[in-house]
1. With θ taken as phi - 60° and the coefficients 6.51, -1.76 and 1.60, list the Karplus ³J(HN,Hα) couplings across the stretch 62-73 in order, rounded to whole Hz; mark glycine and proline as x.
2. Could you calculate the FRET efficiency of Thr106 with Asn18 from 1/(1 + (r/R0)^6), where r is the beta carbon distance between them and R0 is 25 Å, rounded to 0.05?
3. By count of other Cβ within 10 Å, fewest leading, how are Arg26, Arg80 ordered?
4. Treat each spin label as a single point 7 Å out from the Cα along the C-beta direction, and report the Ile66 to Arg132 distance in nm.
5. Whole-Hz Karplus ³J(HN,Hα) for the stretch 104-118, in order, using 6.51 cos²θ - 1.76 cosθ + 1.60 and θ = phi - 60°, x for Gly and Pro?
6. Please list 98-110, 116-128, 51-63, 137-149 highest first by mean number of surrounding beta-carbon atoms within 10 Å per residue.
7. Using +1 at the C-beta of Lys and Arg and -1 at the C-beta of Asp and Glu, which of Tyr143, Thr96, Ala72 has the Cα lying farthest in the positive direction of the dipole of the chain?
8. Given charges of +1 on the Cβ of Lys and Arg and -1 on the Cβ of Asp and Glu, with all other atoms neutral, how large is the dipole of the chain about its Cα centre, in debye to the nearest 20?
Amino acid sequence: MTPHQLSAIHKLFRSRQNIFTSSLLRQHGYVYKVAFGCSLPDIKDLAQMVKDMLSDASSPLYGLDITDVAEALWAEDDIRESKMLAPLLYPRGTMTVETAERWVQTIPTPEVADVVSMYAFQFGIGQELIQRWMDAESKMMRYCARSLQKRLS
């Protein structure tokens, strides 16, 4: 994705920005350079907007592959909402164990772990991830395994 294309998504985040929540996140030491303070319901709405933009010929996102968009957003470690939107865009049931293993290494917070577990990890590969991660050294892997276990039980 080009910077112009990512900017189109960042404008969507800005349109749902919650200054109060953003301020609270900073006060509580969240790790992001940029946190727009969007709620999960807002992120869900934005996911649908991005999906619609992919098929709108007048959109800068027109014709992009949704998996590529999700991967580009996931790579934006500095932006909270990018980490939360990416799993909602990743096509359900298509994430591989290898991709999940790569993603889990860069999950910054339990909030993002819950979102990615709920919307990406549990479909198709959830049971395998539980087995792989339940006794892992990584706290985040163990957290995701427990989150998946709760969702799939």
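Where a number appears in this text, it was derived from the coordinates with a stated rule and is not lab data. Small disclaimer: the values here were computed from a predicted structure and weren't measured. When we count neighbours, we look across all protein chains shown, and the Cβ atoms used for this are built from the backbone with ideal geometry, even at glycine.
1. 3, x, 6, 6, 4, 5, 5, 5, 4, 5, 5, 5
2. Between Thr106 and Asn18 the formula returns 0.55.
3. Starting with the residue having the fewest Cβ neighbours, the order is Arg26, Arg80.
4. 2.3 nm
5. Whole-Hz 3J(HN,Hα) from phi for the stretch 104-118: 4, 5, 10, 6, x, 8, x, 4, 5, 4, 5, 5, 5, 5, 5.
6. Ranked by mean Cβ neighbours within 10 Å, highest first: 116-128, 137-149, 98-110, 51-63.
7. The residue sitting most towards the positive pole is Tyr143.
8. 480 debye
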